[in-house]
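Notes follow once the structure below has been shown.
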Amino acid sequence: QTGSANTNPSDSADDEYITSVSIGTPAQVLPLDFDTGSSDLWVFSSETPKSSASGHVTYSPSKSSTAKKLSGSTWSIKYGDKSSSSGDVYTDVVTIGGFSVKTQAVESATKVSTQFVQDTLISGLVGLGFDIGNQVSPRPQKTWFSNAASSLAEPLFTADLRHQETGSYNFGFIDTSLAKGTIGYTPADGSEGYWGFTATGYSVGGAKLNRNSITGIADTGTTLLLLPDNIVDAYYNNVESAEYDDSQEGVVFDCSEDLPSFSFGVGGQTITISGDLLNLTPIEEGSSTCFGGLQSSSDIGTNIFGDVALKAALVVFDLGNERLGWAQK
Ligand SMILES: CSC[C@H](NC(=O)[C@H](Cc1ccccc1)OC(=O)N1CCC(N)CC1)C(=O)N[C@@H](CC1CCCCC1)[C@@H](O)Cn1ccccc1=O
């Protein structure tokens, strides 16, 4: 068995990617953000304060004949960008891309932080990290993919995120036609709960890859490509107008600049992110100053290959073989 779901950028900056998920009987369809950086499936619900839920699609377990309260269970999560949510837990049928998991832990939010209240484009997250990262207590729950893996043709999923166009999350199969290059595989480290790996080197503007390895995570839930300062500086030294903007908390530059590409090595392949994928968006509507897709990871402590990097590749999240596959798109 397999599943295939379309995913769409949330806005002109490709800030998030939104995928429709069906929960319950009859199906309640919610727009969710798939996040390989976390391991909880949580949603805005009938239990979310009305003031916080305004403008959001919500899940009502009381309207689902297959919903069951997981009594005594609670959850609480805080993300890298300091957003947070918490609540209680139900189990219900969850269908993604035509594949149904009958008894999936659906974490219902009784509290959500301001960022989530304001982001009315999503009604929650589907964590696609490793089960060890799940935040339900007293008994941690499995992710949707972990529950699905044993019934899928192959215990893997792929992410094909695209700039300003529809992409896909495929479960149980690899559609190699989505990629131009060969898929290069490298071991994935799931010990922290997310998809860690090591890139073997990098280069700016099509130069030869150096051999400076970069350890980081493949994270569909992070917008940017976040790397060490020395790499960020090496890149922006090629961008005449680049400067750090305190209010934007990142490097900005003239939107008219012709940005160099950025390449990294992984699994014996080279993934090249084109200059236009690295020019994220004007800092404000109509501004001629643009915000960079490559920013520093120094205040996070982890390097993150977020959507800016993932958009250049077909990425295989292979749970069965604990490895990540990358192919140029
Ligand atoms: C340094 S991890 C920062 C990252 N959050 C972002 O990337 C947000 C995403 C976003 C964009 C637009 C609206 C709302 C949210 O976007 C920015 O922070 N941006 C984009 C816009 C830019 N102008 C400024 C910088 C982040 O916590 N991801 C987590 C998943 C997110 C949480 C928020 C909702 C969307 C999914 C997660 O995988 C990060 N994780 C990864 C590994 C371990 C723990 C952990 O927690």
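The values are calculated or read from the model by the stated rules, or taken from the named source; none is laboratory data. These numbers come from a predicted model, not from an experiment. Don't worry about glycine lacking a Cβ; one is built from the backbone with ideal geometry, like all the others, and counts go over all protein chains shown. When the accessible area is computed, the model is the full protein with side chains, heavy atoms only, and any ligands, DNA or RNA have been set aside. Shrake-Rupley method; radii C 1.70, N 1.55, O 1.52, S 1.80 Å.
Things to note:
- Selection of the stretch 280-295 for residues being within 27 Å of residue 160 (Cα to Cα) and either crowded, with 21+ Cβ neighbours inside 10 Å or of a type in the set (D, E, K, R) (or both) yields 280, 290, 291, 292, 293, 294, 295.
- Residue that is farthest from the ligand (Cβ to nearest atom) [pool: residues in the stretch 261-273 that are more than 15 Å from residue 207 (Cβ to Cβ) and open to solvent by 40 Å² or more (accessible area, probe 1.4 Å)]: 268
- Selection from the stretch 116-141 of residues that are more than 18 Å from the chain's Cα centre (by Cα), surrounded by fewer than 20 Cβ atoms within 10 Å (Cβ to Cβ) and under 16 Å from residue 73 (Cβ atoms): 137, 138, 139, 140
- Within the stretch 196-246, the set of residues being of a type in the set (D, E, K, R) and more than 12 Å from residue 260 (Cβ to Cβ) comprises 208, 211, 219, 229, 233, 243, 245, 246.
- Test: residue 285 is modelled with pLDDT under 95, within 14 Å of the ligand (Cβ to nearest atom) and not small (Gly, Ala, Ser): yes
- Of the residues making up the stretch 83-102, at least one is open to solvent by 20 Å² or more (accessible area, probe 1.4 Å), aliphatic (A, V, I, L, M) and either more than 16 Å from the ligand (Cβ to nearest atom) or touching a residue at least 12 places away in the same chain (Cβ under 8 Å) (or both).
- In the stretch 106-121, residue nearest to the ligand (Cβ to nearest atom) [restricted to those that are within 17 Å of residue 31 (Cα to Cα) and assigned to a strand (DSSP E or B)]: 112
- Every listed requirement among (1) assigned to a loop (DSSP other than H, G, I, E, B); (2) among the β-branched types (Val, Ile, Thr); (3) over 28 Å from residue 189 (Cα atoms) is met by residue 281 save one, (1).
- Residues located in the stretch 223-259, provided they are in contact (Cβ under 8 Å) with a residue 40 or more places away in the chain, closer than 12 Å to residue 291 by Cβ and either open to solvent by 40 Å² or more (accessible area, probe 1.4 Å) or hydrophobic (A, V, I, L, M, F, W, C) (or both): 224, 242, 248, 251, 252
- Scope the stretch 298-320; condition open to solvent by 10 Å² or more (accessible area, probe 1.4 Å), small (Gly, Ala, Ser), in contact with a helix residue (DSSP H, G or I) (Cβ under 9 Å, 6 or more places away or on another chain) and within 14 Å of the ligand (Cβ to nearest atom); matching residues: 298
- Test result for residue 64, within 16 Å of the ligand (Cβ to nearest atom), farther than 23 Å from residue 223 by Cβ and among the small types (Gly, Ala, Ser): no
- For the stretch 16-24, the condition of being within 19 Å of residue 164 (Cα to Cα), of a type in the set (D, E, K, R) and modelled with pLDDT of 95 or more holds for at least one residue.
- Qualifying positions in the stretch 180-197 - within 16 Å of the ligand (Cβ to nearest atom) and not small (Gly, Ala, Ser): 189, 192, 194, 195, 197
- Residues that are assigned to a strand (DSSP E or B) and farther than 24 Å from residue 43 by Cα within the stretch 135-155 are absent altogether.
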